[in-house]
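One structure below.
The values are calculated or read from the model by the stated rules, or taken from the named source; none is laboratory data. Treat the numbers as computed from the prediction; the structure is a model and nothing was measured. Positions of Cβ are generated from backbone atoms using ideal geometry, with glycine treated the same way; all protein chains shown enter the neighbour counts.
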Amino acid sequence: MFDLELINKLTNYYKKCDGKISTKQYQICGVCGYISSNKDHFNQCPACGAPISVFKPYEYNVSEKRLTVLNVHIHPVMTHFPGSFAVIQLLLFILSFFNLNLSGIPLGYGGVLDFFIVIFPAVVLLTMLTGILDGKLRYQQIQTPHLKKKVILGISLFMVSLLMVLFHTFSNQGQNTILVIFEGISILLALGLNGILGRIGGELVCGLKPRGKEV
């Protein structure tokens, strides 16, 4: 009377999807992999510009709860901050040698540079934590080669940010030449690590969507 094999397949499928499967209708671009709701109306792919004819039905094999969290895009948004901070720190560090100020507030030591240096470790740590959360939710693991690299580089960036704070704090407002040099090196290292992390993130772009299947 009942197809037990079919029931078992559906049960296993449900378990793999870690909960209630998303019932919303989606479509995926056959060129770049951009996913949108069927309720979105456009004539071409918003990401790559391909015609709407290349879109195919797509089914998310993930729970509604997991999909809702992923769609907030916390980590992709957070990744912009460490890189921006690193660039600003380098510019302010260079400007600090010219004793410039903005509305009476020094751009270098004792002013704006202090803020960006001191808050940087917190920004890096928050970005790293959201990255781990994103990896767990999106790929259900963080042990893949690319994700391992990102974790290691993220920890390295965090350590460099702490050293940067130490060098900056004990440089005696930029009077200790040796510590100022080390601070400059740490800023360049932070910028380089951000660049490498960004490159790895770029290689993961094609995998930004959760695991699913085309239907």
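Some points to look at:
- Residue 129 vs. criteria within 14 Å of the chain's Cα centre (by Cα), more than 24 Å from residue 196 (Cβ to Cβ) and modelled with pLDDT under 95: no
- For residue 103, the criteria (1) of a type in the set (Ser, Thr, Tyr); (2) farther than 22 Å from residue 81 by Cβ; (3) in contact with a Leu (Cβ under 8 Å, 6 or more places away or on another chain) hold in every case but one, which is (3).
- A Cβ distance below 6 Å, combined with a sequence gap of six or more or placement on separate chains, defines the contacts here; from the stretch 22-41, residues that are closer than 19 Å to residue 63 by Cβ and modelled with pLDDT of 80 or more reach residues that are of a type in the set (D, E, K, R) and assigned to a loop (DSSP other than H, G, I, E, B) in the pairs 35/209.
- Any chance residue 62 is more than 21 Å from residue 140 (Cβ to Cβ) and of a type in the set (A, V, I, L, M): no
- Residue in the stretch 129-145 that is in contact with a helix residue (DSSP H, G or I) (Cβ under 8 Å, 6 or more places away or on another chain), charged (D, E, K, R) and over 26 Å from residue 183 (Cβ atoms) present: yes
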